[in-house]
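First the structure, in the form of structure tokens, and then the observations on it.
The values are calculated or read from the model by the stated rules, or taken from the named source; none is laboratory data. All values derive from a computational prediction rather than experimental measurement. Note: ideal-geometry Cβ built from the backbone for every residue, glycine included; neighbour counts use all protein chains shown. Note: accessible area is taken over every heavy atom of the protein model, side chains too, but ligands, DNA and RNA are not part of it. Shrake-Rupley method; radii C 1.70, N 1.55, O 1.52, S 1.80 Å.
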Amino acid sequence: MALAAIPAARALGAAYTNSKIQGVRVGVQSYSFRDRTLDQALAAMQEIGLGECELYQGHVEPQGKTRAEMKDWRLSVPLDVFTSVRRKFDAAGVDLFAYNLSFNDSFSDEEIDRGFKMANALEVEVITASSTLSAAKRVAPFADKHKVKVAMHGHNNLTNPNEFAKPESFAAAMKMSKYFYVNLDIGHFWSAGYDPVEYIQAHHGRITNLHIKDRVKNDPRANKPFGEGDTPIKAVLQLLKTKKWPIPANIEYEYGTQGMDSVAEVKKCFQYLKDALA
């Protein structure tokens, strides 16, 4: 089944953009291009030279729908829609590694199950999810059923025990299923008061990918342009380089304000990572 899932473009030897830096896998969360359509986001990745992507669900799902309308869409949308998205990535020479589908407490069991079918149609290895511990309990049996990794994404909300923020919350989720992993956002983790370098060293085997952003330690406020916060971005990247751990480091451009050019800013972020790994 794994061999059968290899995209046709790969099987035919299509050229994929290599955006590794000193052996470190560098990609992008397509949320970075949330001001653009999927086609425009792919064009931006090609322009910048990014060859690996974690796909933001907002680039696939319709916008402006009510909760009931979104449920109907998820349960009825033809899976060919997701197959065609995969083909777009293959044609653009961008490796689609993960799909960001944030299961929350409002998801029905049918929506959860359909989410895994969407991931299979996209031929991704991982679903990343900004979720809750209560939702994760309901997702666990579906991860076991479909044998697809689900990586929990954390923020910096330390006051809600149902949120993913503390190392203990990730540990609790990973006990629920062997298919539960961590999508470590090093900026949020740092601003929550934790050291991503130490966490990666201890748990690299259960981390599917990183979100790279810059924030300030113990400060829950805004994201910063890369280099203006104190998140140990360089130390994280150097750790991946030294240990040769194949954990994707995905740029997540989130500090922008209205009117800023997302392509220009992601280029700056990419250059920052190149300089950090030089």
The lone condition residue 112 fails out of (1) under 27 Å from residue 43 (Cβ atoms); (2) touching a Lys or Arg at 6+ places or on another chain (Cβ under 7 Å) is (1)
Could you give me the residue pairs with C-beta distances under 7 Å whose first residue belongs to the range 209-227 and is over 16 Å from residue 269 (Cα atoms), whose second residue is in a loop (DSSP other than H, G, I, E, B) and aromatic (Phe, Trp, Tyr) wherever it lies, and which are 6+ apart or on separate chains?
222/255
Filtered residues of the range 141-172 (kept if over 19 Å from residue 102 (Cβ atoms) and either of a type in the set (A, V, I, L, M) or free of Cβ contacts under 8 Å to residues at least 12 places away in the same chain (or both))
158, 159, 168, 171
Would you point out the residue of the range 52-81, among those that are crowded, with 20+ Cβ neighbours inside 10 Å and in contact with a strand residue (DSSP E or B) (Cβ under 6 Å, 6 or more places away or on another chain), that is nearest to residue 17 (Cα to Cα)?
52
Unmet criterion (only one of (1) closer than 17 Å to residue 88 by Cα; (2) out of contact with any helix residue (DSSP H, G or I) (no Cβ under 6 Å at 6 or more places or on another chain); (3) hydrophobic (A, V, I, L, M, F, W, C)) for residue 77
(1)
I'd like to know if the range 255-262 contains one or more residues that are of a type in the set (Val, Ile, Thr), free of Cβ contacts under 8 Å to residues at least 24 places away in the same chain, out of contact with any helix residue (DSSP H, G or I) (no Cβ under 9 Å at 6 or more places or on another chain) and under 27 Å from residue 35 (Cβ atoms).
yes
Tell me which residues, restricted to the range 216-237, are under 18 Å from the mean Cα position of the chain (by Cα) and under 23 Å from residue 159 (Cα atoms).
223
Under the condition of being open to solvent by 50 Å² or more (accessible area, probe 1.4 Å) and at pLDDT below 95, which residue from the range 14-34 is farthest from residue 129 (Cα to Cα)?
15
Over the range 28-43, the set of residues more than 16 Å from the chain's Cα centre (by Cα) and part of a loop (DSSP other than H, G, I, E, B) is 35, 36, 37
When you look at residue 185, is it at pLDDT 95 or above, buried (at least 23 other Cβ atoms within 10 Å of the Cβ), out of contact with any Cys (no Cβ under 9 Å at 6 or more places or on another chain) and among the acidic types (Asp, Glu), yes or no?
yes
